[in-house]
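To start, the structure itself, in structure tokens.
The values are calculated or read from the model by the stated rules, or taken from the named source; none is laboratory data. Treat the numbers as computed from the prediction; the structure is a model and nothing was measured. Note that each Cβ is placed from the backbone with ideal geometry, even for glycine, and that neighbours are counted across all protein chains shown. Accessible surface is based on the protein model in full, side chains and every heavy atom, while ligands, DNA and RNA are left aside. Shrake-Rupley method; radii C 1.70, N 1.55, O 1.52, S 1.80 Å.
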Amino acid sequence: MRRAPRFTAPFPTSPFPLAGAAKRPAEPGALPPSPFPLPGAAQRRSTLRAVTAAALAAAITAPLAGCGFHLRRSAALPFRTLYTNFSPTSPIGAEFRRLVRVAQDTRLVDDPKEADARLEVLSERREKEVVGYSSTGRPREYQLRLRFTFRVMARDGTVLLPPTEIVLHRDITSSDIEQVAKQQEEELLYKEMQSDLVQQLLRRLAAIGS
């Protein structure tokens, strides 16, 4: 008489360690496991937020640090007092006065008789010229120019710097479809040229005393 084969069902593996089972020793310096581990996706999101916050902080502080560096490195003007005749609405004059007051030991005065030197603005104007055309003959490319002429006089009328002209230019393309955007771009380019011009003007004035 043959016997039926016997089958033994495997015991399921318990998720809990058995009593008395040996535990792996912790590696030196390793942190204990968190009782509330983050899922993989949540942990990645947490890391991404930390990296994004660090990058944003660096982007905010970098321009401030750069601005401070340029102000500290500005050449000192050789005058204790200075008079300027910039127009009250001149953006170049506004930036020039701001930089002198922040970064220089020179004091700006309203009365030319009290000044060691006078910065006389002879002309200041913006220009826009067509330098390129499309295949249909319409203006396509422009050159923006910022032209500034000045001289520097001493209190007794001596010419410290004869009439000098600073000209800066930038090129820009344009189309009817992008008209509004190009106008905004033009204004940004003019502001960039104004900042460059003021820096050049400060260097010209500083060179008078050398």
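May I ask you to verify whether residue 149 is at pLDDT 95 or above, among the β-branched types (Val, Ile, Thr) and surrounded by 17 or more Cβ atoms within 10 Å (Cβ to Cβ)? No; evaluated as a whole, the condition is false for this residue. Quick check on region 90-100. Is at least one of its residues in a strand (DSSP E or B) and in contact with a Lys or Arg (Cβ under 9 Å, 6 or more places away or on another chain)? Within region 90-100 (the criterion being in a strand (DSSP E or B) and in contact with a Lys or Arg (Cβ under 9 Å, 6 or more places away or on another chain)), the answer is no, since none of the residues qualifies.
Being in contact (Cβ under 8 Å) with a residue 40 or more places away in the chain, in contact with a Phe, Trp or Tyr (Cβ under 7 Å, 6 or more places away or on another chain) and outside any helix (DSSP H, G or I), is that true of even one residue in region 177-198? No; the residues of region 177-198 include none that is in contact (Cβ under 8 Å) with a residue 40 or more places away in the chain, in contact with a Phe, Trp or Tyr (Cβ under 7 Å, 6 or more places away or on another chain) and outside any helix (DSSP H, G or I). With respect to residue 82, is the statement that it is modelled with pLDDT of 95 or more and touching a strand residue (DSSP E or B) at 6+ places or on another chain (Cβ under 9 Å) true? Criteria met by residue 82. All but one of (1) at pLDDT 95 or above; (2) surrounded by 12 or more Cβ atoms within 10 Å (Cβ to Cβ); (3) touching a Lys or Arg at 6+ places or on another chain (Cβ under 7 Å) hold for residue 173, so report the exception by its number. That leaves (1) as the condition not met.
Residue count for region 105-120 under the criterion of being open to solvent by less than 20 Å² (accessible area, probe 1.4 Å) and in contact (Cβ under 8 Å) with a residue 40 or more places away in the chain: the result is 3. Hey, any hits in region 157-168 for a residue that's modelled with pLDDT of 95 or more and acidic (Asp, Glu)? Yes, the conditions are met somewhere in region 157-168. Out of (1) open to solvent by 60 Å² or more (accessible area, probe 1.4 Å); (2) under 22 Å from residue 93 (Cα atoms); (3) modelled with pLDDT under 95; (4) within 24 Å of the chain's Cα centre (by Cα), the odd one out for residue 186 is which? Here residue 186 meets the rest and fails (1). Against the test of being out of contact with any strand residue (DSSP E or B) (no Cβ under 6 Å at 6 or more places or on another chain), exposed (fewer than 15 other Cβ atoms within 10 Å of the Cβ), aliphatic (A, V, I, L, M) and at pLDDT below 95, the options 130, 102 yield a single qualifying residue, 102. Of the numbered criteria (1) touching a Gly at 6+ places or on another chain (Cβ under 9 Å); (2) open to solvent by 40 Å² or more (accessible area, probe 1.4 Å), the one residue 178 fails is (1).
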